[in-house]
Amino acid sequence: MPANLDTDLLRAFVAVADSASFTRAGERLGRTQAAVSQQVRRLEDTVGKRVFERDTHGVRMTRDGEVLLAYARRMLTLNDEVLALMHRSPTVASVRIGTPDDYATMLLPEILARFNAAYPDVMVEVVCDNSPDLVAEIEKGRYDLALITRKAGEAGGELVRQEPVSWVAPPLDPASPLPGYRPVESLDPLPLALFPKGCVVRDIAVAALDGMGRDWRVAFTSKSVVAVHGAVMGGLGVTAMEACTVPPSLRRIGAAEGFPDLPDVDIALHRARGMAPKPVRLLADAIHDLVGSQLLGRRKPPLASQVTAKEATQ
């Protein structure tokens, strides 16, 4: 059977190589010079090669020792990484949060990045759905938190902040348009790129168009905000979305283009019934801190609610 390399022997070997002295290596490892010398001899017996030349001038590595040194460092690094991983505090805490796809894509990434940096032992799971469905699901205890859109002033949940709603169209082509070209927002009936039925902003947008007597048709629908952005960018239609979810590549339109003003919506946070575990409360506080204060995208001190990672899982 092949021999196995003892990491204690490798650690002694690396210490001697780094300090060029058995005595200094012993001081570094908390062992006597004789003990370190014996470990190196045992290593040499295992590999069948001399790793050091010893003479009156000191200690120098052999060519075989130089080859072994590179492997020894890698083996010790891997050994230490494995032990650190196995000895880490287990992930004993998790939070399940539901939110529409546009918030999951445009709002939550920065929140979750900061939260993970502060509480690395807390696992967060994000599930996307329409806001009304999420409210129904959290009432059944399927989620710990739900960050949703509701009509302004509507009851239910905790108000995080009010958000304007914008009409959004493709960017104008800087090149000279072809004869007969009409921007998509001037077409009749108006093509719309929307989230599926049940989306609060969709309901607000079509109600506003109906209120002014504007004909419209659904040209594209998707649960994915990235897909809706792409459809608008490609000229398939106009959409309406919360201002915080409009990418800079798209063009906001309004009264100048003949579109009605849209009311603000509320961004609200729902919590599951009962006393929430500390990780859930911490993430809820982080959402209020960052979304409520509109500090996303800005440099900010650590989360106001920050405690130690150990405390977060208790």
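The values are calculated or read from the model by the stated rules, or taken from the named source; none is laboratory data. On a predicted model such as this, the values are computed, not experimentally measured, just so you know. Ideal geometry is used to build each Cβ from the backbone, glycine not excepted, and the neighbour counts take in all protein chains shown. These area figures cover heavy atoms from the full protein model, side chains too; ligands, DNA and RNA do not enter into them. Shrake-Rupley method; radii C 1.70, N 1.55, O 1.52, S 1.80 Å.
Some notes on this structure:
- Two-decimal ratio, segment 37-109, of alpha-carbon radius of gyration to 2.2 N^0.38 Å: 2.18
- For segment 56-71, 3J(HN,Hα) computed residue by residue from phi via the Karplus equation (6.51, -1.76, 1.60; θ = phi - 60°) reads 5, 8, x, 10, 9, 7, 7, 5, 5, x, 5, 5, 5, 4, 4, 5 Hz, glycine and proline entered as x.
- With only the Cα atoms considered, segment 1-53 has a convex hull volume of 67 Å³ per residue.
- Among 72-81, 112-121, the peptide with the highest mean count of other Cβ atoms within 10 Å heads the list, and the full ranking is 112-121, 72-81.
- Cα-Cα separations in segment 112-253 greater than 17 Å, expressed as whole percent: 67
- Relative contact order for the chain, counting Cα pairs under 8 Å that sit 6 or more residues apart, in percent: 21
- In this structure, the amide hydrogen of Leu190, modeled 1.01 Å from its nitrogen in the peptide plane, lies closer than 5 angstrom to those of Asp215, Trp216, Arg217, counting only residues at least 5 positions away or on a different chain.
- Normalised by 2.2 N^0.38 Å, where N is the number of residues, the C-alpha radius of gyration of segment 133-206 stands at 1.62.
- On Cα atoms only, tilt of 108-118 relative to the major axis of the chain in degrees: 30
- Beta bridges by DSSP in the chain, antiparallel share as percent, to the nearest 5: 60
- Ranked from largest, the principal axis spans of the Cα set of segment 198-299 equal 50, 31, 24 Å.
- At q = 0.06 Å⁻¹, base-10 log of I(q)/I(0) for the chain (Debye sum, equal scatterers on each alpha carbon): -0.42
- Phi-based couplings in Hz for segment 232-237 (Karplus 6.51, -1.76, 1.60; Gly and Pro marked x): 5, 4, x, x, 6, x
- A Stokes-Einstein calculation at 25 °C with viscosity 0.890 mPa s, built on the Kirkwood radius of segment 1-127 over Cα pairs, returns a diffusion coefficient of 135 µm²/s.
- Of the chymotrypsin sites (Phe, Trp or Tyr not before Pro) found in segment 126-196, the ones in coil according to DSSP and having at most 11 other Cβ atoms within 10 Å of their Cβ are Tyr181.
- Each Cα pair under 8 Å and six or more residues apart adds its separation to the average, and for segment 110-220 the resulting relative contact order is 23 percent.
- For the chain, the 222 nm mean residue ellipticity estimated from helices alone, with every DSSP H stretch of n ≥ 4 adding -39500 (n - 2.57) and the total spread over all residues, rounds to -12000 deg cm²/dmol.
- Note that the chain presents 54 Å² accessible area per residue, ligands and nucleic acids not counted, probe 1.4 Å.
- Heavy-atom accessible surface of the chain: percent carbon and sulfur, 1.4 Å: 53
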